[in-house]
Amino acid sequence: MVKLKKDDFNTKYRFRESRKESLVCCTTCDSKTGGDNDENPAFCEHEERLRKIKIAEYWPGFFGPGTSNNIAPKRVCDAYASEALSEGVERPVLGEKQAMLLGSQGKDVFHADPSCPYVLEELKRIQDQDKSEDSRKQVLACYRPAIQMRDISDKVQGEVVGGALCEMPCCDSKLPYQTWRVDDYRRKVGIKPDGTEPRKWVRNGIVKHGNKVSMTLEEAAEFFDLERFNSREIGNVHRRISTVADHIHGNCNYLGSRPLSEAVNPVYLWISVFSLLKDPLAKSDNDAEFWMYDKRLFNPETKLEKPLKFLKKIPEGLILCMDKHYALRGAMSSCERHRCFSESFGIYGIVKELEDANLLSKGLSHFVEIGEVSVHASNHMWGEFGKGFGEMASFDKE
């Protein structure tokens, strides 16, 4: 085994400041010897070090290093080794494509290895908490030690995930994703990637469709008949909009990135994933025809080479939507009338089979008949539009 000098060891194992309020630090590492304070300093005696080093921060003196300050509780490196778990405490078992979130970290950091030091220390915290009722009372509920499994089977390598990623090598190698925001810890200690890099578009075609409800085409058509909510007896305009939203939003299945033929009606094209294709070449002669794109399958930076009607094949991720009941056009018109900007549209509807031979020849098999549109825009404007109903108002002072 090649023995490493101090600087070489610190570079290889990324010696750094530990995460805030974490038990994973030099103090609890199995390679640490000595004490935990300035009078009785801590030392690192990892087997790969050429000689043991004092885990300290030095203050300059007149003739070289002066006094030093013990920093073992505030530092960690990739060579960290946890002390053995107590008898009877078992490591969690991870299924394929699963990750863990830890309660003490606010369930904000993904971990993918049961041997990760953070996971092992969480197990110890859970055990200590179970022994002491007082310790439970002292910890905020949202930060109580716990291990929560998270299914990430619909994620592909390089895709953005909604959380921070554990930087320990055991987890880092199993979490090849982008983070949705800047990771303050990684940025502070200089570990890349840290979320400051340009986002890369990654194709993901394996997100399953939701299936919490199931309706026939006839039932779905009746569901989207909103005439019953267009009554003054329900209340003022704000109350009617909220009532329609409650009726619609909780009773539709989100649309995944699988083929439309697999979707279960009624469906929801959620705002964060689906957007209107505003490319001029996507405009149709039929004013009831709109095209949406799925950001997981179609790169929004891609420009169409020619009008859709002249393409031999419709690009993957484009979805034809038919606005039979004037829902989307009504929402757009209302936004224009109220002089809104930054509007976003949530599309709800029914997946149906295509009969148009021309579109079938271009690779499409299904389309979405728009049943209802939810719109949010500037000045706290909120509207709901569908068959028999169309209202928009500002909820700023409601």
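What ranking do SER173, SER275, SER104 get, fewest neighbouring Cβ atoms within 10 angstrom at the top?
Values: SER173 10, SER275 17, SER104 21.
Ascending number of Cβ neighbours within 10 Å: SER173, SER275, SER104.
Straight distance only, please: which aspartates and glutamates reach the Cα of LYS278 with their own Cα at less than 17 Å, same-chain residues fewer than 8 apart left out?
ASP287, GLU289, ASP294, GLU301, GLU305, GLU316, ASP323, GLU336, GLU343
With a sphere of radius 9 Å drawn around the Cβ of GLU83, what net charge do the other residues whose Cβ falls strictly inside it have (Lys, Arg +1; Asp, Glu -1)? Let's see the in-between values first.
Working: positive: LYS124; negative: ASP30.
Once all neighbours under 9 Å are counted, the net charge is 0.
Which of the pairs LYS54/LYS188; LYS200/LYS303; LYS20/LYS97; LYS97/LYS295; LYS200/LYS362 have their Cα atoms more than 26 Å apart in this structure?
Details: LYS54/LYS188 23 Å; LYS200/LYS303 17 Å; LYS20/LYS97 28 Å; LYS97/LYS295 22 Å; LYS200/LYS362 28 Å.
The pairs that break the limit, which is 26 Å between Cα atoms, are LYS20/LYS97; LYS200/LYS362.
If you fit an axis through the alpha-carbon atoms of helix 117-131 and take the longest principal axis of the Cα set of the chain, what angle between them do you get, 0 to 90°, nearest 10?
The two axes meet at around 90 degrees.
Please sort by residue number the trypsin sites (Lys or Arg not before Pro) in segment 238-279 whose DSSP state is loop and whose Cβ has at most 14 other Cβ atoms within 10 Å. Don't jump to the answer; show the numbers that get you there.
Values: sites: ARG239, ARG240, LYS278; in loops: LYS278.
Here the sparse-neighbourhood loop sites are LYS278.
As I understand it, the value is the acute angle between the Cα axis of helix 327-337 and the longest principal axis of the Cα atoms of the chain; what does it come to in degrees, rounded to 10?
Compared with the principal axis, the helix lies near 80 degrees.
When averaged across all projection directions, what area in nm² does the alpha-carbon convex hull of segment 93-234 cover?
Numbers: hull surface 59.9 nm².
Taking a quarter of the hull surface, the average projection is 15.0 nm².
Filter the chymotrypsin sites (Phe, Trp or Tyr not before Pro) in segment 303-358 to those in DSSP coil with at most 16 other Cβ atoms within 10 Å of their Cβ, and list the result. Walk me through the intermediate numbers first.
Details: sites: PHE310, TYR326, PHE341, PHE345, TYR348; in loops: TYR326, PHE341.
Sites meeting the loop and neighbour criteria: PHE341.
Which whole-angstrom value gives the distance between the alpha carbon centres of segment 220-275 and segment 352-388?
12
What 222 nm value per residue comes from the helices of the chain, counting each DSSP H run with n ≥ 4 as -39,500 (n - 2.57) and dividing by all residues, nearest 500 deg cm²/dmol?
Numbers: 9 runs with 74 residues, N = 398.
The helix-only estimate for the chain comes to -5000 deg cm²/dmol at 222 nm.
Sort CYS142, CYS170 so that the residue with the fewest other Cβ atoms within 10 Å of its own Cβ comes first and the one with the most comes last. Numbers along the way, then the final one.
On the way: CYS142 8, CYS170 17.
Ordered from fewest to most neighbouring Cβ atoms within 10 Å, CYS142, CYS170 come out as CYS142, CYS170.
Could you please rank ARG49, ARG203, placing first whichever residue has the fewest other Cβ atoms within 10 Å of its Cβ? All intermediate terms of the calculation are to be shown ahead of the outcome.
Values: ARG49 19, ARG203 15.
Result, fewest neighbours first: ARG203, ARG49.
What residues qualify as long-range amide H neighbours of TYR177, i.e. H under 5 Å apart, gap of 5 or more or another chain, H built at 1.01 Å from N?
Distant-sequence amide H within range of TYR177: GLY158.
In degrees, nearest 10, range 0 to 90: what is the angle between the Cα axis of helix 237-249 and the longest Cα principal axis of the chain?
The angle comes out at about 70 degrees.
Based on DSSP, what percent of beta bridges with both residues in the chain are antiparallel, to the nearest 5?
Values: 52 of 62 bridges.
Around 85 percent of the beta bridges assigned by DSSP in the chain are antiparallel ones.
Can you pull out the cysteines in the chain that have no other Cys Cβ under 4.7 Å?
Singleton cysteines: CYS25, CYS26, CYS29, CYS44, CYS77, CYS116, CYS142, CYS170, CYS252, CYS321.
Relative contact order, percent, of the chain when contacts are C-alpha pairs under 8 Å separated by at least 6 residues?
Values: 729 pairs, mean separation 41.5, N = 398.
Over the chain, the number comes to 10 percent.
With a bin width of 20 angstrom, please list the P(r) values of the chain as percents of all Cα-Cα pairs, from the 0 bin to the one holding the largest distance.
In whole percents, the pair-distance histogram is 21, 40, 27, 11, 0.
Would you list which aspartates and glutamates come within 12 Å of LYS32, measuring only between C-alpha atoms, while excluding same-chain residues fewer than 8 positions from it?
Within the straight-line cut-off, LYS32 pairs with GLU45, GLU47, GLU83.
Given H placed on each backbone N at 1.01 Å, which residues far from GLU289 in sequence or on other chains put an amide H within less than 5 Å of it?
Residues meeting the criterion, in which the H sits 1.01 Å from N, are ASP323.
Bear in mind that the values in this text are calculations on the coordinates, not laboratory data. Computed from a prediction, not measured in an experiment: that's the story for all the values here. So basically every Cβ, Gly included, is an ideal-geometry build from the backbone, and we count neighbours across all protein chains shown.
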